[in-house]
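Since the structure comes first, as structure tokens, the remarks are kept for the end.
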Amino acid sequence: MRIQLIFLSLVLSLSSFAASESKEMKELFAKYDEVMDSHKVEHVDDIFTKKFLDENGGKAEFIEKVKELPLVKSSKKVPSEVTWKKGTKDEIFFASVKEPSIMKSKNQKAEHSGSQFIVVKENGKLKIDGTISDAD
């Protein structure tokens, strides 16, 4: 009986941990969408690791590159669909993001394009550390 209780408590604690990581992953990519689509660059430090920013010319240069992207102004943008899995090391994750195109009408289905990201924990927070593939 004692072993069953220990096992049950372990399973419940692991499921709540996975749920919190899922929520954190969705929040990370919601902020990512804000930066890339609406140029809300104040979130850059919350989304990308220091290493990623350094590899892309530093924070200031990365922000300038983001500002050169076209703005997505539609209020009908469907949120990105995020799926992820934990890597073999404790602090690495692989996230796949399917970003639907903007809905043109209620009867048309959104076309999905996707990207794959490497996500790591930096200072206790999930952050993007690189890409495996980018959408065309």
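The values are calculated or read from the model by the stated rules, or taken from the named source; none is laboratory data. Nothing here was measured: the structure is a model prediction, and the numbers come from that model. Every residue, glycine among them, receives a Cβ derived from its backbone with ideal geometry; neighbour counts consider all protein chains shown. Ligands, DNA and RNA are excluded from the accessible area calculation, which covers all protein heavy atoms including side chains. Shrake-Rupley method; radii C 1.70, N 1.55, O 1.52, S 1.80 Å.
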>> Sort THR49, THR131 by heavy-atom solvent-accessible area, probe 1.4 angstrom, most to least.
In response: THR131, THR49
> How large is the dipole of the stretch 20-60 about the Cα centre if only Lys and Arg carry +1 and Asp and Glu carry -1, each at its Cβ, rounded to the nearest 20 debye?
Replying inline: 60
>> For a quick check: with amide H placed at 1.01 Å from N, whose amide H comes under 5 Å from GLY130's, ignoring anything fewer than 5 positions away on the same chain?
In response: ILE118
>> With θ taken as phi - 60° and the coefficients 6.51, -1.76 and 1.60, list the Karplus ³J(HN,Hα) couplings across the stretch 62-70 in order, rounded to whole Hz; mark glycine and proline as x.
In response: 4, 4, 4, 5, 5, 5, 7, 5, x
>> If you count only protein heavy atoms and use a 1.4 Å probe, how large is the accessible surface of GLU91, to the nearest 10 Å²?
In response: 100
> Whose amide H sits under 5 Å from the amide H of LYS40, counting only residues 5 or more places off or on another chain, with H placed in the peptide plane?
Replying inline: VAL35
>> Heavy atoms only, 1.4 Å probe, whole protein assembly: order LEU71, LEU53 by accessible area, highest first.
In response: LEU71, LEU53
> Just by accessible area at a 1.4 angstrom probe, what is the order of MET36, MET25 from largest to smallest?
Replying inline: MET36, MET25
